[in-house]
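One structure, as structure tokens, below. Some questions next.
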Amino acid sequence: MRQIERFIDRNRCRKDRARQVQSRIKAMEKIERIEIPAEESTIRFGFPEAPRCGKRVMELQNIHKSYGDHVVYTGVDLVVERGDRIAFLGHNGAGKSTLLKILAGVTEPGAGERRVGHLVSLGYYAQVQWEQLRPEWTVLQEATGVSGDLSQTQLRGMLGAFLFQDEDVQKRVSVLSGGEKARLTLCKLLLQRPNALFLDEPTNHLDIASRNVLEEALRDFSGTVCFISHDRHFINAIANKVLLVEEGRIHLFPGNYDDYVSIWRHRMEADSGPASDPSAERTADKPAPGASGARKAQEQKRLEAQRRNELYRLKAPLQKRLDQIETDIEIEQARLDGFKAQLADPMTYQNGVDIRQLKQDFDESHARVMRITAEWELVALEIEELETGFWNGQAG
């Protein structure tokens with residue numbers, strides 16, 4: 001909120017930033033104000049064990065999906081294996097949620113085949129599931145309904161891990177905030193003991209403590225996870241594969257978000273030929289509708305690659321600067337976390353440490369993090385405006 005307020009104050013009088021300022025003012029109005037508790041407790045928990053499933057968890061074959069005249073996917077193939085932790089990336093509206101829903105069995109494909117593996121137990125989370133909570137029930141009643149053979153101690157432990165402690169379990173759903181409903185829905189999902197999770201923006205509306213609990217639990221989870229998130233830190237902590245959804249096609253890469261940015265995205269943007277295009281490899285053996293059609297498709301791919309290369313050259317200086325800023329943020333954040341850990345350690349105050357100097361170091365580090373983050377926001381905005389202007393110019 002402080003970052004958004006600073007951006008508004010800096011750019012309120014600039015005509016070229018009027019749209020961004022108004023957008024952030026509206027965003028501020030929607031942010032839920034949360035009172036931070038005086039003391040934060042760290043709670044660990046583990047997933048209830050689910051049955052081990054087969055190696056192949058899910059397979060999509062030649063999937064087609066459209067909504068009216070809008071075609072989302074044509075001929076998509078995907079295999080999800082046990083132990084995969086796949087982060088779905090792509091622009092808003094690219095079809096990430098649709099693909100996740102098809103995998104989870106929430107949405108039927110228009111054509112093609114979806115095969116579920118042996119002993120696979122699915123769990124799906126999306127914000128819309130809050131509507132399934134019963135307003136008149138308490139938190140404890142909602143959790144008990146899916147807890148199976150868990151003891152009351154285990155059940156309350158799970159609820160406590162999602163910050164429903166003591167009298168909080170007697171709260172009625174009707175009085176819960178958006179963040180509390182998100183926590184309760186996630187907790188209920190985990191209580192059902194799935195071995196394959198499909199999560200659509202699971203960290204939205206979660207406070208920092210809840211997000212950390214979920215992140216730690218997913219790292220320890222022995223099953224399969226497919227998830228959509230815009231949180232880079234969360235993706236880096238959880239993912240071992242990245243699935244890029246782009247123009248109705250999908251590309252699967254090994255690694256986390258940083259690996260995708262530093263290796264795979266640059267290779268895709270620099271690629272000027274169709275040979276290394278994953279979609280081209282999948283369709284290479286299919287018969288062409290005709291020589292003219294093949295030449296037209298080849299020319300279209302060449303032009304698309306040319307445009308991507310041009311955009312890549314334009315973005316390169318800004319992207320290099322953004323990457324350096326992100327590295328600086330990570331380094332400074334690590335220093336800040338170190339100071340924070342020292343201040344939180346009771347032994348610090350018994351070992352003759354200069355507390356005043358330590359507090360000063362903490363404040364200076366915190367200020368640097370805020371300053372570098374503000375710089376990151378400005379550069380990211382420049383890149384966003386460059387991309388928007390470039391593609392609008394291409395369309396024109």
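Which is among the charged types (D, E, K, R) and either farther than 26 Å from R10 by Cα or modelled with pLDDT under 80 (or both), of E364, E326, E384?
None of the other options fit; the residue is E384.
Can I ask one more? Would you mind stating whether G83 is modelled with pLDDT under 85 and assigned by TED's automatic domain parsing to the domain that holds L155?
no
Hey, can you tell me all the residues within the range 195-239 that are over 13 Å from the mean Cα position of the chain (by Cα), of a type in the set (S, T, N, Q) and over 18 Å from Q127 (Cβ atoms)?
N195, N212, S222, T224
Say whether the condition of being touching a residue at least 60 places away in the same chain (Cβ under 8 Å) and of a type in the set (S, T, N, Q) is met by at least one residue in the range 95-102.
The answer is yes, given that some residue of the range 95-102 is touching a residue at least 60 places away in the same chain (Cβ under 8 Å) and of a type in the set (S, T, N, Q).
Give the range 235-244 a look and list any residue that's surrounded by fewer than 23 Cβ atoms within 10 Å (Cβ to Cβ) and assigned to a helix (DSSP H, G or I), or say none.
I235, N236, A237
While we're looking at this one, here's another question. In the range 144-167, what residues are in a helix (DSSP H, G or I) and touching a Cys at 6+ places or on another chain (Cβ under 7 Å)?
M158, L159
So which of V106, V72, V120, V76 is assigned by TED's automatic domain parsing to the domain that holds L155, part of a strand (DSSP E or B), within 25 Å of G223 (Cβ to Cβ) and touching a residue at least 12 places away in the same chain (Cβ under 8 Å)?
Working: V106 fails: part of a strand (DSSP E or B); V72 fails: within 25 Å of G223 (Cβ to Cβ); V120 fails: part of a strand (DSSP E or B).
On inspection, the qualifying residue turns out to be V76.
So, in the range 168-194, how many residues would count as being part of a helix (DSSP H, G or I), at pLDDT 85 or above and surrounded by fewer than 16 Cβ atoms within 10 Å (Cβ to Cβ)?
3
Tell me yes or no: at least one residue of the range 363-377 is in contact with a His (Cβ under 7 Å, 6 or more places away or on another chain) and either part of a helix (DSSP H, G or I) or in contact (Cβ under 8 Å) with a residue 24 or more places away in the chain (or both). Write out each step before concluding.
Going residue by residue through the range 363-377, those that are in contact with a His (Cβ under 7 Å, 6 or more places away or on another chain) are none.
Checking the range 363-377: not a single residue is in contact with a His (Cβ under 7 Å, 6 or more places away or on another chain) and either part of a helix (DSSP H, G or I) or in contact (Cβ under 8 Å) with a residue 24 or more places away in the chain (or both).
Still on this structure, I have one more. Look through the range 329-376, keep the residues that are of a type in the set (D, E) and surrounded by fewer than 16 Cβ atoms within 10 Å (Cβ to Cβ), and return whichever of them is farthest from S262 (Cα to Cα).
Out of the qualifying residues, it is D354.
Also, quick follow-up: Being in contact with a Leu (Cβ under 8 Å, 6 or more places away or on another chain), among the hydroxyl-bearing types (S, T, Y) and either in the same structural domain as W137 (by TED's automatic domain parsing) or at pLDDT 75 or above (or both), is that true of even one residue in the range 202-220?
Yes - at least one qualifying residue is present in the range 202-220.
State all residues of the range 213-234 that are crowded, with 16+ Cβ neighbours inside 10 Å and more than 25 Å from I63 (Cα to Cα); if no residue qualifies, say none.
Correct list: V213, L214, E215, E216, A217, L218, F221, D231, F234.
Return yes when L150 is closer than 26 Å to E32 by Cα and in the same structural domain as R115 (by TED's automatic domain parsing) and no when it is not.
no
Which of the residues belonging to the range 123-148 are free of Cβ contacts under 8 Å to residues at least 24 places away in the same chain, β-branched (V, I, T) and within 17 Å of F162 (Cα to Cα)?
Across the range 123-148, the qualifying residue is only T144.
The values are calculated or read from the model by the stated rules, or taken from the named source; none is laboratory data. Note that the structure is predicted; figures quoted are calculated from it, not measured. Heads up, the Cβs are rebuilt from the backbone with ideal geometry, glycines too, and the neighbour counts pull from every protein chain shown.
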